[in-house]
Structures are given as structure tokens and as C-alpha cells.
Amino acid sequence: MSASGHHQHHQRRGEHGAEAVDFDWDAAGAQLVRGAELHAVALRATVRWLRGEQPGARRILDVGSGPGVASALLAEEFPDAEVVALDGSPELLRLADERARAAGLGDRVRTRQAELPAGLAGIEGGFDLVWASLFVHHLGDQRGALGRLAALLRPGGALALTEGGLPTRCLPRDFGLGRPGLQERLDAAHAEWFQEMRDALPGAVAVPEDWPSMLTSAGLAPVASRTFLTELPAPLPADAREYLRERLSRQREQLADRLAPEDRATLDALLDPEAASGILHRPDAFYLAAGTVHLGRAG
Ligand SMILES: C[S@@+](CC[C@H](N)C(=O)[O-])C[C@H]1O[C@@H](n2cnc3c(N)ncnc32)[C@H](O)[C@@H]1O
């Protein structure tokens, strides 16, 4: 991590073997906001489910909050709650703060910068709800982290964890460019990349990612696992296309060494901002994503 910002070191297989690369979270704000806003309907449905499970929650922690889209939504749907948005990135927390203020929720959403897991030590516990969306997989010791997050709950408090789901889809299997099945090959390359990313995390521990059983190991009673769907049919609106272009461009960059030249050329064609066959213009682009939320409660 640099002195001013929040970076993560990952390994990348390059021409010359493994090399360390930085992921700059501070710079990821716009795309994280676009992504969370694209999933707004599913996110609200999730938060309403949590409200039914933890009615009257007064203290909520959004850990790994990023730019705070969920933090603001949690404050909206839990009108008596104070929400702490916690993240390692000062820039993302600045966006979270800005967002909460713009929504008139500035008095109930507080931000806190901390690098986990060490930074958890200074957090006062007693939360009614801890929300950790797409965050735990960024920590080397996922099981250990769940134990520490569970310890922040008051008795009866709940930990909600978004991890896993289904691979996202945005194009037909054969979309008339390159060899059919590009998305499946991107998924396979990403699975390899993801494992190397996990192996390179500080304190990495391999653990089967059976989230309900990890909640049990953390001393929580599993309540349920529910999957929330985001479905945007073709033709897509401009914001969804922008999000997909950014997503494909990141995949192009991250996975380049693992893809066949033909697939790299197909990605380049999809990324072309002017071409009618590019993701910004093609009529067949859609968006289908399913994220799973695992809920456990402290006894
Ligand atoms: C994929 S984003 C998820 C953001 C948001 N929760 C969501 O669902 O859209 C992961 C977030 O975790 C934060 N993060 C990753 N590793 C961290 C660490 N070790 N300590 C604190 N924050 C971390 C990043 O800064 C980023 O905001």
C-alpha cells in the first residue's frame, strides 16, 4: 500500500514468469458506483430482506464498503440506524461520504478508514448487522476474517456476506464475432487469475469456500443463503453499456496472457467505441447477474 492510497499487490503471470501488480482501489470508484447502481433493484431487495431479519437495527457496519452505494441504501431502509462505512481506500470513502450527504443521510452514515484485518482491532463492536459485499475474498485468511467480523456483532446480530453466485452474462454464446463461447473462456481464465490473486494475498490460507459452514465456524447460526438476480434485457441503456465496456476492458488487461490471440482480437472489437459491433452499440447486449448473500446470526 502506498503512503496516500490503498493498493493491493497481486501476482500476474507475464512473459517472464510471475510479476507483482498493484490493484489501485482508489481509482476504481466510478466503476464500483456504476456496478452497484446497475444492481440497485437486487441490492434494495437484499436490504429489505435483511430489514425483515434484523428489524429495528440501530448499528450497521458496511465493511469493504467501497464508494458506499450500499451504505446509503442501508441507512435509507433502516431509518433508525447509524451506518459505518469502512474501507481501506480514502478516495472510495470520500465518494461514500459525498453520496450519503447528497441523499440527506450524512448524519447517519459515517466513514472509517482501516486496512483489514489488522484495522478491525480498533473498531467498537455491538453491531446489529454487518454487511460484507464482495469483500472477504480480498483477505488472505477468509475464515479468520469471518471470525473477527462475527465478534463485532451483539448477541442476535447478523452477518450478511455476498460471495459467489453465477457467472455474469452479457452476450449470446455466438454473437457473430470470433469463436463462439468467449464468455465461458473468460470465466475459465478468470478462475485461474482469481486463484493466483488469492495465493498472492498476505497471509493467504486455502479454505473450501462453503460460506454457510464458514459462518458456523465463526460461531454463527446460518440463517439462509439467497440469490438475487439482476436482469437487464437487450437493448441495454447507455450506463449499462459503459459498465460492460469497462468490465471487458479490465478482463482484457487482467487476462490477456491467458487468452488465445483470436479471443483478444474479439475483445478488442467489442471494446471499439465507434464500431457498430462494439459493446457500446450492439443490439444484442444484455446483462444477467446473480449474486448470493449468506446470512448468519450470533447466538
Ligand atoms: C470489490 S469492492 C466491493 C465494494 C462494495 N462492497 C460492493 O459490493 O460494491 C472491494 C472493496 O474492499 C476494499 N478492500 C479490499 N481489501 C481491503 C482490506 N484489506 N482492508 C480494507 N478494505 C479493503 C476495497 O478498497 C474495495 O472498496
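The values are calculated or read from the model by the stated rules, or taken from the named source; none is laboratory data. Just so we're clear, the structure is a prediction, and the values are computed from it rather than from any experiment. Neighbour counts run over all protein chains shown; Cβ positions are idealised from the backbone, glycine included. Ligands, DNA and RNA are stripped out before the accessible areas are found, and what is left, the full protein with its side chains, is counted by its heavy atoms. Shrake-Rupley method; radii C 1.70, N 1.55, O 1.52, S 1.80 Å.
Once neighbouring chains are kept in place and the probe is 1.4 Å, which whole percent of the accessible area of the chain is contributed by carbon and sulfur?
Working: 7260 of 13730 Å².
That fraction is 53 percent.
Taking the convex hull of the alpha carbon atoms in the chain, what volume per residue do you get, in Å³?
On the way: hull volume 39.6 nm³, N = 299.
Per-residue hull volume (Cα only) is 133 Å³.
Taking only C-alpha pairs under 8 Å that are 6+ residues apart, what is the relative contact order of the range 52-127 in percent?
Working: 131 pairs, mean separation 24.1, N = 76.
About 32 percent, as a whole number.
Counting only DSSP beta bridges with both residues in the chain, tell me the antiparallel percent, nearest 5. All intermediate terms of the calculation are to be shown ahead of the outcome.
Details: 28 of 47 bridges.
Counting DSSP beta bridges with both partners in the chain, the antiparallel share is about 60 percent.
Given a 1.4 Å probe, how much area per residue of the chain is accessible, in Å²?
The answer is 46 Å² per residue.
Which is the longest part of the chain that has none of the GluC sites (Glu not before Pro) sitting in a DSSP loop with at most 10 other Cβ atoms within 10 Å?
125-273
Please identify the longest segment of the chain free of exposed trypsin sites (Lys or Arg not before Pro), where exposed means a DSSP state other than H, G, I, E or B and no more than 16 other Cβ atoms within 10 Å. Don't jump to the answer; show the numbers that get you there.
On the way: sites that count: Arg58, Arg173.
Of all site-free stretches, the longest is 174-299.
Only Cα pairs within less than 10 Å get springs; with that Gaussian network setup on the chain, which residue of Asp187, Asp263, Asp174 has the largest fluctuation?
It is Asp174.
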